[in-house]
Amino acid sequence: MTSSNPLDAVFEHIESNRTSFLDRLVDYVRRPSISAENVGIAEVGALLVEMLTGIGLETSLVPTEGHPIVVARWEKAPGKATVLLYGHYDVQPADPIDKWLSPPFEPTIRDGRLYARGVGDNKGQHFAQILAIESHLKVHGALPCNVILLLEGEEEIGSPHIADFVRANKDILKADLGVTADGPRHASGAPVIKFGSRGEVSFELRCRHANGDLHSGNYGGVVPNPIWTLVHLLGTMKNADGKITINGFDDEIEPPSKEELAAVERLPLDVEAVKRSLDLSRLDAPEETPFYERLCFRPTLTINGFHGGYGGPGSKSVLPNEAFVKCDIRLVEAQDPADILRKVAAHVEKHAPEVEFMAQGSMCPWKTPITSSFTAPLRRAFVAAQGEEPLLVPAGFGTLPGYVFTKILGIPAFVTPYANYDEANHAPNENLTLNCFYSGIRTGAALLHEFGSFRLPEREAGRRRVFRDNGRRV
């Protein structure tokens, strides 16, 4: 008996094309597109235009001041929702090459996983979305809702031009919601829906005292040591209890809602297993703060690297003349990157005016309320495609440029990861399980189906606070 559910026919098409879909993914990920090195970007951008035009989307390659952005659209469902699907076609450099078990751009299948640079982050995930679109068009000749597909070529270098692009192209990016398939599923293996991500600022602190390295016996205790200067400065920025002590740092932080707290309470967790897997004797202070509350609702200050002085074998009685430290801060809603950088700069000027503060990259945090009316159809899509309820994560732990949707376009945005938890993105032996790839195609197809029958609410936006992005109003 043939099912009357149009989604079932799409699922059957996906199942019968598993081999050809995998072959096409292999062909896609074997093509390097490394934004940091400008390797293969133009070629892969052109390939995407050809691919998306070929499946029936109106497609263009839009130049920016950096790498181009691919925009494809199908808008032939009047009165239906418009979903903006985001992904990125650039990948990380493959170094260190010698740590790969197979060459990073020679895709290899081992034990039910496809190994290749970019297969999880993000080519395999947005390719699953593309195949979901194609499958609806092949089976029914139309999509159940309107779709705009935006594929960026600079995500792996911090998305430096996407805000300007979105700001300048609001008219062609009008949508009811944004969805990003990126990142891993939960460590338990369960599917997740994320309602935001933390922002980030990075900076460097440099200190130089004497005009050259000195003998520690002849000058120690007389000439200031730049390493100690930075150590003491850092000690004024975060105390031993784990509190960030920069004046005004947490002024804008919003407390989590009761729904958000309930959602993180439901996330599976074995803290002792986490500690064992990382060879930890304890978690970072403050130890009483719940695990997922740290990752969803608390900002961080991390020392990424500390450099100065002698690092060779044995000892050397030297008083170094210069040192530097690299740091990043993960931000939560509703912290403003420009405001935080100003506060860090003021703190450095107050406590160690001889230290040079150098601001580097930044990205806004963003969040969509977990009570969004779009949450229910997203959950139904996961159940239809994967047979289980997704976990709801109020804010992702890493950083994605979803703020361009919530804060510039003023629409709610969501992250629906398709990759396995151990995808090793940014690392050697990046991989995507074949099961995750196929379930991603099914989930993308179910998502389109759900929004085809969804009654649109009154315009629902993400949090429309005013921020500064690279000095401009957002």
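The values are calculated or read from the model by the stated rules, or taken from the named source; none is laboratory data. Remember, predicted model here, so these are calculated numbers, not experimental data. All Cβ positions, even for glycine, are placed from backbone atoms using ideal geometry, and neighbour counts span all protein chains on display. Accessible surface areas use protein heavy atoms only, side chains included; no ligands, DNA or RNA. Shrake-Rupley method; radii C 1.70, N 1.55, O 1.52, S 1.80 Å.
Between exposed GluC sites (Glu not before Pro) in the chain, where DSSP calls loop and at most 16 other Cβ atoms lie within 10 Å, what's the longest gap?
On the way: sites that count: E65, E75, E252, E287, E288, E354, E388, E458, E460.
The longest uninterrupted stretch comes out as 76-251.
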>> Through the Karplus equation 6.51 cos²θ - 1.76 cosθ + 1.60, θ set to phi - 60°, convert the phi angles of the stretch 32-41 into ³J(HN,Hα) values in whole Hz; use x for Gly and Pro.
In response: x, 8, 9, 5, 5, 10, 6, 10, x, 4
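Any idea what % of Cα-Cα pairs in the stretch 108-149 are farther than 11 Å?
70
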> Based solely on its DSSP helices, what 222 nm [θ] is calculated for the chain when runs of n ≥ 4 H residues each add -39,500 (n - 2.57) and the sum is averaged over all residues, nearest 500 deg cm²/dmol?
Replying inline: -9000 deg cm²/dmol
>> Can you give me the % of accessible surface on the chain that is carbon or sulfur? Probe 1.4 Å, all protein chains present, nothing else counted.
In response: 50
>> Based on the alpha-carbon set only, what is the convex hull volume of the stretch 287-349 divided per residue, in Å³?
In response: 151
>> Given bins 5 angstrom wide, list per bin the percent of all Cα-Cα distances in the stretch 63-151, short to long.
In response: 3, 12, 17, 18, 15, 13, 11, 6, 3, 1, 0
>> Rounded to the nearest 20 debye, what is the charge dipole size of the stretch 246-376 about its Cα centre when +1 sits on each Lys and Arg Cβ and -1 on each Asp and Glu Cβ?
In response: 380
>> Kirkwood hydrodynamic radius, computed over distinct alpha-carbon pairs, for the stretch 360-447: how many Å, to one decimal?
In response: 14.7
> Leaving out ligands, DNA and RNA but keeping every protein chain, what accessible area does M358 have, in Å² rounded to the nearest 10, with a 1.4 Å probe?
Replying inline: 60
> Just the accessible area per residue of the chain, please: how many Å² with a 1.4 Å probe?
Replying inline: 44
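Can you give the Kirkwood hydrodynamic radius for the chain, in Å, rounded to one decimal and based on Cα pairs?
So the Kirkwood estimate lands at 23.9 Å.
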> When only DSSP loop residues count, what trypsin sites (Lys or Arg not before Pro) in the stretch 268-316 have their Cβ near at most 13 other Cβ atoms within 10 Å?
Replying inline: R282, K316
>> Over the Cα atoms, compute the radius of gyration (one decimal) and Dmax (the largest Cα-Cα distance, rounded to a whole number) for the stretch 159-203, in Å.
In response: 14.7, 41
> What do the square roots of 5 times the Cα gyration tensor eigenvalues come to for the stretch 239-390, in whole Å, largest first, as semi-axes of the equivalent ellipsoid?
Replying inline: 38, 22, 15
